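Below is one structure, written out as C-alpha cells; the observations come after it.
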Amino acid sequence: MPPSSSSIKLPFSSSFRPYSLFLVILFVVLLAVILVIVCTLGDASSFQWTRRHGSLLDFASTTLTFSGTSQVFAVADPPPTSSLNPQIEERQEGIGKDKVYEKIKVTSATNEVKRHSRLEKIEATLARARLAIKEAGRVQNKTSTYDDPDYVPRGPIYRNAKVFHRSYLEMERIFKIYVYEEGEQPLFNDGPCKSVYATEGRFIHELAMDNNYRTSDPNQAHVYFLPYSVVAMVRYLYVPDSHDMSPIGRTIADYVNVIANKHPYWNRSLGADHVMVSCHDWGPYSSSYAPFLYNMSIRALCNANTSEGFIPSKDVSFPEVQLKTGEIKGILGGPSASSRHILAFFAGGRHGHIRHLLLEHWKEKDKDVLVYEQLPKHFSYDSMFKNSKFCLCPSGYEVATARVMDAIYAECVPVLISDGYVPPFSDVLTWKSFSVQVKVEDIPNIKGILSSISQKQYISLQRRVKQVQRHFVVNGPSKRFDIFHMTVHSIWLRRLNLRLGSPSRKAFDGNMSKKVH
C-alpha cells in the first residue's frame, strides 16, 4: 500500500524554506551584476577625463596657486560617452565574415595602443612641468631667480613672479599647438588685424607664422586650435537687422563635426584639449551651437562674463585691443604721473546700464571727473587718456571694453566698472596692484574713491601700469611676454589643469549641432 501524501518526505524538506529560495535567487542576481560590472570596466572604461578642480595648478594633494592661496572654480562634469564609435557601427553593418572582423579588430587595437603610448608620453611631459612649477612655488621668496636675457618678472604686479616665470619657461620649452588646416578663408585661418576685434585676427595670424609653439605633427600637440573667426562669420554670414545668429552657429557646429569625423583628437577628449578664440560679442553664444565646444573646450574670449557661461578654470580672458591702423606706433606711453592734471576721464555712448548710470551721475557735471557722452570737437580722445590720472572703463553692452587696453597703453590707471568680468591674465597678474575696481553701486562715489588715493599710492599704481604694459602690447612679429605669448600662457595653464587618460574606444558620436540652452 503506497504511503499517504502526508507521510511522504521530500529531499531537504527539513531544511528548505521559501526564504532559502529567495537567497539563492538573490545570490545569482548579484553574481550576474558583478560579472556585468567587471566586463564593463574591462572593456568600456574608454575615456578617462579629469579637469583638476581647485586652482589652475592643483597637484594631487598639494594645491598651488600663483598667489599662494587656493581658488576654487566650478567645472562641469564631462558628459557620458555612451554612444558607439562610428567605426564600430560601420564594422557591425558592413562586415559579415568573422575573419575580416577579427583582422579589423586587431588593427584597431594596434592603433589604439600606439595612440595610447603617444598620449601617455604627452601627459608625462606635462606631469614633469607641473612638478617643476610646484617646486618653484615651494620657495617662500616669490622673486624669480631664473636667468632670462629678455625679462625677469618681479614685483607686486604678479601673484607669484617666480612661479609665473618658471611656468613661462616650461611653456616655451615644451608646449605645442596643432592648427587644423580645414576650412577656407576668409571664415577660417584668417581674421581682422584692425579695429576693436584686432586681437582675434592677430592671434590667428601670429600662430600661423609661429615657429616655437606650432607643430605640424598633431600627435605631438598638447592642444588643437580651431582657426575660425566669428568676426569674419558676422561679416559674411549674418544678415543685417535679422537678429539671427543661427547661420554662424551652424557653421561652427558643422566645422566641429568635420574635425571630429576626420581626426581622432576631438573624440579622444570630447574637445577638452581644443582651443578657440573670439573677440566678438557673439563669440560665447555662437559656440553654444556645438555643446562640447561650449562646455568642454578652452575658449579664449574677450567677453569674459561669468554670468554668461565663462568658466575661469577652463576659459581664457582675451584682451580687447582697438588698433585703428593695425599698428601700435605712437599710441604707447604718456606723461609722467606728476604731469597729469585730469583726475578721471570717460567719453562714450549709453551702451548698457552701467554706462547709463555713469552718464546720469557724472555727465559734464564736475571739473575733475570729466565724463562726456560725445567728446567735444576741440578735445582729442588719445590726449585725454594721456593727461588723465585715472581712466574710467565701464562695461558696455558686454563686459569687455577696449578702454582697459587704451588706458594701459596711455599709462593711465584703469578704473574697472563691471559685473562678472574676469580681467585678462588674472591667473598671473594682481590687477588691484595697477588698477582700481569700482562696484556699480559705487558709481556716485567715484570722485571720493579716487580722491582718497594719495599721490604716493597713485605714483605706485601708475609705475606698475607702465611695467605691466609689456604683457598687453600687440607686436608684429610677436615678442616674448607680449599679448600673444601671454594668451598662449593662459591656454598652457588650462592644459596643465587637464589630465587625459587612455584614448576612448567608444568615442562620443552625439549630435554636435544641437545648441546648448
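Computed from the coordinates by the stated procedures, all read-outs in this text should not be read as laboratory data. Model, not experiment: these values are computed from the prediction. Counting neighbours? That spans all protein chains shown, and the Cβs are built from the backbone with ideal geometry, glycine included.
Could you tell me the distance between the Cα centroids of the range 249-312 and the range 351-391, to the nearest Å? Here the two parts' Cα centres lie 37 Å apart. Could you tell me which of rounded, prolate or oblate describes the range 364-423, using a ≥ b ≥ c as the square roots of the eigenvalues of the alpha-carbon gyration tensor, with rounded for a/c under 1.5 and, failing that, prolate when a/b is larger than b/c and oblate otherwise? Note, shape of the range 364-423 comes out prolate.
Summing Lys and Arg as +1 and Asp and Glu as -1 over all other residues whose Cβ lies under 13 Å from the Cβ of Q455 gives a net charge of +4. Where does the charge balance sit around L131 when Lys and Arg score +1, Asp and Glu -1, over other residues with C-beta under 12 Å from its C-beta? It works out to a net charge of +3.
Averaged over residues, the count of other Cβ atoms within 10 Å places the peptides 483-493, 415-425 in the sequence 483-493, 415-425, highest first.
Nearest 0.05, what FRET efficiency do V239 and N261 give at R0 = 30 Å with Cβ-Cβ as r?
The value I calculate is 0.55.
Rounded to the nearest 0.05, the FRET efficiency derived from the C-beta distance between Y381 and N212 at R0 = 45 Å is 0.80. Across all directions, the shadow cast by the convex hull of the range 232-348 built on its C-alpha atoms averages 11.1 square nanometres.
For the range 352-456, the Kirkwood hydrodynamic radius from C-alpha pairs, put into Stokes-Einstein at 25 °C and a viscosity of 0.890 mPa s, yields a diffusion coefficient of 171 µm² per second.
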